[in-house]
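Right, one structure below, let's go through it.
The values are calculated or read from the model by the stated rules, or taken from the named source; none is laboratory data. All values reported here derive from a predicted model rather than from experimental measurement. In this analysis, Cβ positions are derived from the backbone assuming ideal geometry, glycine residues included, and neighbour counts consider all displayed protein chains.
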Amino acid sequence: MKKLILSVFCTYFIVLASCNASNTKAYDATYEDSVLLEQLKVKKSLATDEWNSVLYYYIRRNESIYMLISSVESVNENFNPKILHELRKALAEANLANIKGYGEDSLSVKESTKHRTRIENNLLKLLIEVEKDSVYKSNEHFRRFMKELDQNYKEIVSARENYNSKVESYNYLIESSKAETNPVLIGFKKMSFIEVDSEDMKAPKVKF
């Protein structure tokens with residue numbers, strides 16, 4: 001009888017220990033997922049904030065370009081209308097995309113980068129025409145807006161670098177934790193980098 005009771009107690013404690021071990025593992029897994037979830041939220045939020053900063057500087061540059069157009073027209077109201085029309089159109093479409101793009105996913109990154117390239121290409125056409133006539137270079141307003149363009153271009157480059165850095169950190173965490181296949185972490189996907197051609201990285205300038 002004593003042996004039977006002892007056997008029952010031993011079995012009970014073995015089962016209890018096994019349950020505790022299983023519960024501990026389950027708790028550890030849940031805790032790890034919750035920590036990972038918070039890390040992903042923070043990193044994604046940081047990347048999104050940097051993206052919004054990029055959009056902010058895009059809009060500031062667009063405003064400077066609008067002012068540059070006005071200064072060009074004030075000097076020569078018959079300036080090439082096709083160039084001005086295409087540049088204004090590119091600016092308007094880009095501003096709409098920028099407003100829609102705040103806090104959005106990687107699609108807005110690619111869309112805004114496409115608009116940015118189009119604007120800079122049209123701006124370059126304007127500046128090529130301007131460079132042919134010294135009267136623009138001597139205009140005080142024109143010179144001031146060119147300096148503004150140079151400054152906010154540097155701000156854009158810095159903001160892009162900060163954004164890409166945050167995205168790299170966020171994407172690495174997703175890859176290393178296999179978050180995209182973890183049912184607890186559904187909804188977290190890699191974010192797109194801002195990819196800019198080397199030529200687009202050069203700020204258009206006019207030689208004074």
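Matching residues to (1) surrounded by 21 or more Cβ atoms within 10 Å (Cβ to Cβ); (2) in contact (Cβ under 8 Å) with a residue 12 or more places away in the chain; (3) under 22 Å from residue 81 (Cα atoms):
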site: 109; (1), (2), (3): yes, yes, no
site: 118; (1), (2), (3): no, yes, yes
site: 127; (1), (2), (3): no, yes, yes
site: 130; (1), (2), (3): yes, yes, yes
site: 136; (1), (2), (3): yes, yes, yes
site: 139; (1), (2), (3): no, yes, yes
site: 147; (1), (2), (3): no, no, no
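Report whether or not residue 143 is touching a residue at least 12 places away in the same chain (Cβ under 8 Å), touching a Phe, Trp or Tyr at 6+ places or on another chain (Cβ under 8 Å), of a type in the set (Lys, Arg) and assigned to a helix (DSSP H, G or I).
The answer is yes for residue 143.
I'm told residue 187 meets every condition in (1) on the phi < 0 side of the Ramachandran plot; (2) assigned to a loop (DSSP other than H, G, I, E, B); (3) of a type outside the set (Val, Ile, Thr); (4) over 14 Å from the mean Cα position of the chain (by Cα) except one. Can you identify the failing condition by its number?
Every listed condition holds for residue 187 apart from (1).
Could you identify the single residue in 32, 63, 50 that is assigned to a helix (DSSP H, G or I), modelled with pLDDT under 90 and surrounded by 10 or more Cβ atoms within 10 Å (Cβ to Cβ)?
None of the other options fit; the residue is 32.
(1) farther than 30 Å from residue 30 by Cβ; (2) modelled with pLDDT of 90 or more; (3) aromatic (Phe, Trp, Tyr): which one isn't true of residue 170, the others all being true?
(1)
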